[in-house]
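Reading through the structure tokens given below for one structure.
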Amino acid sequence: MAASGIRLVLVAACALIDPDGRVLIAQRPDGKAMAGLWEFPGGKIEPGERPEETVIREMAEELGITVREPCLAPFTFTSHTYPDFQLLMPLYVCRRWEGTPVAREHKALKWVRPRDLSGYPMPPADLPIIPMLRDLL
């Protein structure tokens, strides 16, 4: 719990970037909070887990790809207050992985140029990342 009494949720996410400079986004599945919105893949940091370990685990579970820690570059973080929790999310950039991403837990995946990301509805916590990715790429 944060000092304000609101629950703190730690999530780690990854911006996979392909050789064409496109970023992978994933559509949240039906039946989950914020269903239908597009997000950067990732997930909750488990107790005793480092954020890099979370990203590696989540990329395997959600996308079926192998990411190695040396290929993860810390990029930025976002913090957002939702009605019932505070989300804190470090975001990593990854340009090298093994395998082809598939939507194992998401409704769909899409490779998008950073300049076009604003055309996809995203959770409020993900929105501040868009201009940073535009500047990077």
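No lab work stands behind these numbers, since they all come straight from the coordinates. The structure presented is a predicted model; accordingly, all values stated were derived computationally and were not measured. Note: ideal-geometry Cβ built from the backbone for every residue, glycine included; neighbour counts use all protein chains shown.
Taken over the range 104-129, the criterion of being part of a loop (DSSP other than H, G, I, E, B) and in contact with a strand residue (DSSP E or B) (Cβ under 7 Å, 6 or more places away or on another chain) is satisfied by His106, Lys107, Tyr120, Pro121, Met122, Pro123, Pro124, Ala125, Asp126, Pro128.
Assess whether Pro101 counts as being buried (at least 19 other Cβ atoms within 10 Å of the Cβ) and part of a loop (DSSP other than H, G, I, E, B). Taking the combined requirement at face value, the residue satisfies it. Could you tell me which residue of the range 46-88 is nearest to Leu10 (Cα to Cα), considering only residues that are out of contact with any Leu (no Cβ under 7 Å at 6 or more places or on another chain) and of a type in the set (Gly, Ala, Ser)? Looking at the filtered set, the residue picked out is Gly48. Residues in the range 106-137 that are surrounded by fewer than 16 Cβ atoms within 10 Å (Cβ to Cβ), of a type in the set (Asp, Glu) and over 12 Å from Gly21 (Cβ atoms): 1 in all.
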